[in-house]
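Laboratory data are not the source of any read-out in this text; all were calculated from the coordinates shown. Since the structure is predicted, the reported quantities are computational estimates derived from the model, not experimental observations. Heads up, the Cβs are rebuilt from the backbone with ideal geometry, glycines too, and the neighbour counts pull from every protein chain shown.
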Amino acid sequence: MSDTNQRDLGESDSPIEDELEAAFQRIIDEGTQRLHRGWREVFVTGFFGGTEVAVGVLAYLAVLHATGEHLLAGLAFSVGFLALLLGRSELFTEGFLVPVTTVAAKRASVAQLLKLWAGTLVANLIGGWLIMWLIVTAFPKLRAQTIESATHFVTAPLSAETMALAVLGGMVITLMTRMQHGTDSVPGKIAAAVAGAFLLAGLQLFHSILDSLLIFGALLSGGTPFGYLDWLGWFAYTVVGNLIGGLGLVTLLRLIRSKDRLQEERVDAERS
C-alpha cells in the first residue's frame with residue numbers, strides 16, 4: 001500500500017489530495033487574475049483595502065475605549081477583515097501565499113509580483129491614512145485611545161520580542177488566507193477572518209498595515225511624542241518580520257507540500 005500512487009487514491013488525477021488540489025486550483029486561478037492587473041486596478045483595489053481595514057480599526061478603538069479589553073476589541077476588528085473578504089479588496093500582507101504560488105507555478109512573473117506588492121502597499125497606506133483622518137475628526141473622544149494604542153507599537157525598539165511579534169503577525173494573516181482558500185464555504189471563510197482578526201489585533205501582534213493606521217490616527221490627533229520618521233523606522237523592521245512569517249512559515253511550507261503539483265503546473269505553463 002505504501003507504493004500506491006497518490007493519483008490512484010482520490011477522485012482527481014493529481015499527485016496531491018483532492019482537497020489540496022481544489023485549494024491549489026483556487027489559488028492559481030485567483031493569483032493569475034490578481035497579478036495580471038494593470039497599475040490602476042492594483043492601486044484602486046489596494047486603496048479600498050486600506051479604507052476597509054481602517055473601518056475595522058474604528059471598531060477596534062470603539063470597543064477598546066468602552067471596555068479596555070484587547071481581546072474583545074480584536075473581535076470587533078474582524079469587521080475590517082470581513083470587508084476585505086466580501087468586498088474583494090486587497091491588503092499587502094494578503095499578497096504572500098496566493099501571488100507567490102502563482103509566480104512559482106510560472107503563471108506570472110516576478111516583476112508582476114513586485115508591482116502588486118508595491119502598488120498595494122502604497123495604496124493601503126494612502127487609503128488608510130484618509131479614513132483615519134476622518135475617524136479622528138469625527139470621533140474626538142477616541143483620540144486619546146488611538147494615541148495610547150499607537151504608542152505601544154511605534155515606540156517599541158527592534159528586539160527579539162518585537163521581531164517575533166512581527167513574524168507572528170505575518171504568519172497569522174497568511175494562515176488566514178490559506179484557510180480561506182482551503183474551502184468553498186462562505187461561513188468557513190468568515191470564521192477564518194474572525195479568527196485572524198482575534199489573534200492579530202486582540203494579541204497586539206505587529207502588523208505593518210493595521211498598526212500603521214493606528215499610528216497615523218495618533219499623528220493626526222496631534223500631541224504625540226513621536227513623528228512620521230519614528231513610524232518609518234518601526235515600519236521597516238515590521239515589514240521584514242511580516243515577510244519572514246508569511247513567506248517562510250506558511251507560503252514556503254505550502255509550496256513544499258504541493259511540490260509535485262507545482263512542477264506539473266510549471267510544465268503546463270511552459271508548453272502554453
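Brief remarks on what is shown
- The long axis of helix 186-202 is offset from the longest Cα principal axis of the chain by roughly 40 degrees.
- Taking the square roots of five times each eigenvalue of the Cα gyration tensor of the chain, the equivalent ellipsoid has semi-axes of 36, 19, 17 Å, listed largest first.
- Note on the chain: with a GNM built from Cα contacts shorter than 10 Å, the maximum mean-square fluctuation among G127, G222, G196 falls on G222.
- Helix-derived mean residue ellipticity, 222 nm - over the chain, DSSP H n ≥ 4, -39500 (n - 2.57), to 500: -24500 deg cm²/dmol
- Using alpha-carbon coordinates, inclination of helix 228-243 to the longest axis of the chain, degrees: 20
- Contour minus Cα-Cα distance for S159 and K141 (0.36 nm per residue): 3.2 nm
- GNM on the chain, alpha-carbon springs under 10 angstrom: the most fluctuating residue among W129, W234, W39 is W39.
- Among L134, L71, L247: highest mean-square fluctuation, GNM of the chain, C-alpha pairs under 10 Å: L134
- Charge tally around L61: other residues with Cβ under 12 Å, Lys/Arg +1 each, Asp/Glu -1 each, net +1.
- Student exercise, the chain dipole from Lys, Arg, Asp, Glu Cβ charges, in Debye to nearest 20: 780
- Taking region 16-266 and dividing mean pair separation by its residue count, relative contact order in percent (alpha carbons under 8 Å, at least six apart): 29
- A simple spin-label model places the labels of E19 and W133 4.7 nm from each other, with each point 7 Å out along Cα-to-Cβ.
- Shape of region 94-169, Cα gyration tensor, a/c cut at 1.5: oblate
- In degrees, nearest ten, helix 18-35 long axis to first principal axis of the chain (Cα): 60
- Ranking of V44, V154, V79 by count of other Cβ atoms within 10 Å, fewest first: V44, V79, V154
- With contacts taken as Cα pairs under 8 Å at a separation of at least 6 residues, region 136-272 carries a relative contact order of 39 percent.
- Partners for K106 among aspartates and glutamates (Cα-Cα distance below 12 Å; same-chain residues under 8 apart left out): E264, E265, D268, E270
- Each label was represented as a point 7 Å from its Cα along the Cα-to-Cβ direction; for S109 and E264 these points are 2.8 nm apart.
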